[in-house]
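S.K.: Okay, handing you the structure first.
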Amino acid sequence: MKQLSIVFLFILMHFSVFAQNTDIEMLRKINLGRDRNLDNTFVFISNSVTPISVLVPISIFFEGYSSRDSVLKNKGLFIGTTLFVSAAATVALKYGVNRKRPFVTYPDIQKVADAGSYSFPSGHTSDAFATATSLSLAFPKWYVITPSFLWACSVGYSRMDLGVHYPSDVLAGAIVGAGSAFVCYKANQWIHKNKSNK
């Protein structure tokens, strides 16, 4: 049993080193091989996350409130709740994992934008995917889904292009954001089903 544990630990360590090497090599290709003329564009895309993620649910909620449309109001609350859940999960993971930013660990990575606390997962990406997924679930039309996810994917790519996140940070952020939306969506359905049954 002890030998099996040692073999498992060795395999796990080997995989961890391989994954980290793949992560940084992908980031180097994106960050160091980027078109520097697009730096300001990607900074703008990154900076769009907070205003869009906050204004979308607020606008939908107040549109529902002013038109006395309870369905629209509930959609605004659902999108806002998703953003809150995603942000809370992201902060918990950031301080639980404590992963340093790539430009700190690898000085050759060029940091082009501001970066806050820890690296894993990407908060910008989780917020963008939480917004895109919840908006798409609330309004399941191609003209909502397509631009929402194009924007969210652009945000994720921008964080790597700007040198502030590893690819695995972005992937984890997308999973946290989309996952939060699905959990909130299912919880919302369950709450409304129970209300209607009463």
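The values are calculated or read from the model by the stated rules, or taken from the named source; none is laboratory data. What you see is a predicted model, and the numbers here were worked out from it, not measured in a lab. Every residue, glycine among them, receives a Cβ derived from its backbone with ideal geometry; neighbour counts consider all protein chains shown.
S.K.: Looking at segment 21-130, what helices (runs of 4 or more DSSP H) fall wholly within it and have at least 1 residues that are over 23 Å from I175 (Cβ atoms), hydrophobic (A, V, I, L, M, F, W, C) and touching a residue at least 40 places away in the same chain (Cβ under 8 Å)?
M.R.: 39-47, 49-66, 102-105
S.K.: Could you identify the single residue in S117, S126 that is surrounded by 20 or more Cβ atoms within 10 Å (Cβ to Cβ) and within 18 Å of N47 (Cβ to Cβ)?
M.R.: That would be S126, the only listed residue that is surrounded by 20 or more Cβ atoms within 10 Å (Cβ to Cβ) and within 18 Å of N47 (Cβ to Cβ).
S.K.: For segment 51-74, indicate whether the set of residues that are touching a Lys or Arg at 6+ places or on another chain (Cβ under 8 Å), modelled with pLDDT of 95 or more and either farther than 22 Å from Y185 by Cβ or among the polar types (S, T, N, Q) (or both) is non-empty.
M.R.: Looking through segment 51-74, none of the residues is touching a Lys or Arg at 6+ places or on another chain (Cβ under 8 Å), modelled with pLDDT of 95 or more and either farther than 22 Å from Y185 by Cβ or among the polar types (S, T, N, Q) (or both).
S.K.: Sticking with this structure for a sec: Select, from C153, C184, the only residue that is at pLDDT below 95 and either among the hydrophobic types (A, V, I, L, M, F, W, C) or in a helix (DSSP H, G or I) (or both). First the steps, then the outcome.
M.R.: Values: C153 fails: at pLDDT below 95.
Residue meeting the stated conditions: C184.
S.K.: A further question follows. For the list (1) within 30 Å of G64 (Cβ to Cβ); (2) surrounded by fewer than 12 Cβ atoms within 10 Å (Cβ to Cβ); (3) not aromatic (F, W, Y), I need the number of the one condition that L137 fails.
M.R.: It is condition (2) that L137 fails.
S.K.: Checking the structure you have, find out if any residue of segment 112-133 is β-branched (V, I, T) and modelled with pLDDT under 95. Let's see the steps before the verdict.
M.R.: First pass over segment 112-133, keeping only residues β-branched (V, I, T): 112, 125, 131, 133.
With the extra rule that they be modelled with pLDDT under 95, the set shrinks to 112.
Yes, there is a match, as at least one residue in segment 112-133 is β-branched (V, I, T) and modelled with pLDDT under 95.
S.K.: Could you list, in sequence order, the residues of segment 131-145 that are without any contact (Cβ under 8 Å) to a residue 24 or more places away in the chain and either among the β-branched types (V, I, T) or touching a Lys or Arg at 6+ places or on another chain (Cβ under 7 Å) (or both)?
M.R.: Correct list: V144, I145.
S.K.: Scanning segment 146-179 for residues that are touching a residue at least 12 places away in the same chain (Cβ under 8 Å) and more than 30 Å from T105 (Cα to Cα), which turns out surrounded by the fewest Cβ atoms within 10 Å (Cβ to Cβ)?
M.R.: Here the residue is F149.
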